[in-house]
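Student: First the structure, then my questions, so here it is.
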Amino acid sequence: MPIESFLNYLRFEKRYSPNTLLSYENDLRQFSSFLKRQYDLVDLREVKYVFIRSWIADLNGNGEVNARSINRKLSTLKSFYKFLVKKGEIKASPMLKVIAPKIPKRLPVFIEKKSTETLFEHVEFGDDFKGLRNRLILELFYATGIRRAELINMKSTSVDQYNSSIKVLGKGNKERIIPIDNDLKKSILQYEALKKLTFEKINNDYLILNDKGNKITISFVYQLVKTFLSLVTTVEKKSPHVLRHTFATHLSNNGADLNAIKELLGHSSLAATQVYTHNTIERLKEIYKQSHPKA
């Protein structure tokens, strides 16, 4: 079957993650069910572009799927039919005549500077292992802009105190170096010292550990960030990625070069970083309205 063949290609040749594979499979199964229901069509190799357009209309019509999700599903179909063309099972992809719906621009959610100052200057974390660790997690996100997975998998050896930097292994196993300031260096040193006292024997070399000395989990990090951000901000979304956005936005608002922000974030292209210039423009508009006599 084409779907199984395609998924095996993604699994064994492209080495996609289980979550990504599941997403691809769900999209293809959903599309397949639509074709069976609407056109009594079973073989995806016989699909015409009008069938795909009909599916888009159906997804739009139920009101439960937004343009971003539809585009992701279409991206799945694009990869799937490109694979079938490559294998010689079809002559041309039906996706060539399909136009994806436009996605409305959505500015990244970030925390205001006053709120981050409140978080690190006035919130009580405690001086025990748990307190130092919780504060360090938040500091790392805000001071370096790293992703949640990058923090979870970071090793103690990734920290270079002498050169004031950390080594991060990002998407696609791409390595990047991020500078750290003296405050973050101090926080890491204090935390590492207390970690050694708290756990006499550590069976791993991960930088951040849970209360039992093991590697932290995705849910642990998300809940911790959400809990502490709730103390200082009313933004609807409170997640590690919001702190990543905050890192980039604060850099941009203070005049940092866009290419430098791109390198620090580990983006593969400048297009992904340019969204932060929109936040800067919005901030400039706000300042103009507040300050200019003719505004």
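Student: What FRET efficiency do you get for ARG53 and LYS87 if R0 is 35 Å and r is their Cβ-Cβ distance, rounded to the nearest 0.05?
Tutor: Between ARG53 and LYS87 the formula returns 0.90.
Student: Return THR233, THR144, THR249 ranked ascending by Cβ neighbour count within 10 Å, so the fewest neighbours appear first.
Tutor: THR233, THR144, THR249
Student: Excluding SER17 itself, calculate the net charge of residues whose Cβ lies under 13 Å from the Cβ of SER17, where each Lys or Arg counts +1 and each Asp or Glu counts -1.
Tutor: Result for the neighbourhood of SER17: +3.
Student: If you take every residue apart from PHE228 with its C-beta less than 10 Å away from the C-beta of PHE228, what net charge results, scoring Lys and Arg +1 and Asp and Glu -1?
Tutor: Around PHE228, the charge tally is +3.
Student: Also: Under 10 °C and 1.306 mPa s, how fast does region 167-209 diffuse according to Stokes-Einstein, given a Kirkwood radius computed over C-alpha pairs? Answer in µm²/s, whole number.
Tutor: In µm²/s, the coefficient is 129.
Student: Starting with the fewest neighbours, write out THR246, THR277 ranked by other beta-carbon atoms found within 10 Å of each beta-carbon.
Tutor: Ordered by Cβ neighbours within 10 Å, fewest first: THR277, THR246.
Student: By how many degrees, between 0 and 90 and to the nearest 10, does the Cα long axis of helix 67-86 differ from the longest principal axis of the chain?
Tutor: 60
Student: Here's a follow-up. Counting only other residues whose beta carbon sits under 12 Å from that of TYR39, what net charge do I get with K and R as +1, D and E as -1?
Tutor: That works out to -1.
Student: Longest exposed-loop-site-free stretch of the chain, with GluC sites (Glu not before Pro), DSSP loop and at most 10 other Cβ within 10 Å?
Tutor: Counting only loop sites that pass the neighbour cut-off, the longest clear stretch is 125-199.
Student: On C-alpha positions alone, give me the angle between the axis of helix 218-229 and the longest principal axis of the chain, in degrees, nearest 10.
Tutor: So the helix axis and the longest Cα principal axis differ by about 60 degrees.
Student: Pairs LYS102/LYS171; LYS167/LYS237; LYS14/LYS86; LYS14/LYS174; LYS174/LYS238: which are spaced more than 23 Å apart, C-alpha to C-alpha?
Tutor: As for pairs spanning more than 23 Å Cα to Cα, those are LYS102/LYS171; LYS167/LYS237; LYS174/LYS238.
Student: Suppose each label sits 7 Å from its Cα in the direction of the beta carbon; what would the LEU258-LYS113 distance come out to in nanometres?
Tutor: 2.2
Student: Mind checking the angle between helix 275-291 and the chain's longest principal axis? C-alpha axes, 0 to 90 degrees, to the nearest 10.
Tutor: 60
Student: Where in region 1-96 are there trypsin sites (Lys or Arg not before Pro) that are in a DSSP coil and have at most 13 other Cβ atoms within 10 angstrom of their Cβ?
Tutor: Listed in order of number, the matching sites are LYS14, ARG15, LYS48, LYS87, LYS91.
Student: What is the distance in Å between the Cα centroid of region 88-118 and that of region 217-274?
Tutor: Centre-to-centre distance over Cα atoms comes out at 17 Å.
Student: State, in angstrom, two size descriptors of region 1-150 derived from its alpha carbons: Rg to one decimal place and Dmax to the nearest whole number.
Tutor: 22.3, 66
Student: Can you give the FRET efficiency for SER23 and GLU121, using 1/(1 + (r/R0)^6), R0 = 30 Å, r = Cβ-Cβ distance, to the nearest 0.05?
Tutor: E between SER23 and GLU121, to the nearest 0.05, is 0.15.
Student: For GLU236 and SER156, FRET efficiency with R0 = 41 Å and r from the beta-carbon atoms, rounded to 0.05?
Tutor: According to the calculation, E is roughly 0.70.
Read-outs throughout are calculated quantities, based only on the coordinates presented, and are distinct from any laboratory measurement. What you are looking at is a predicted structure, and each value in this text was computed from that prediction instead of being measured. Every residue, glycine as well, gets a Cβ built from its backbone with ideal geometry; the counts of neighbours run over all protein chains shown.
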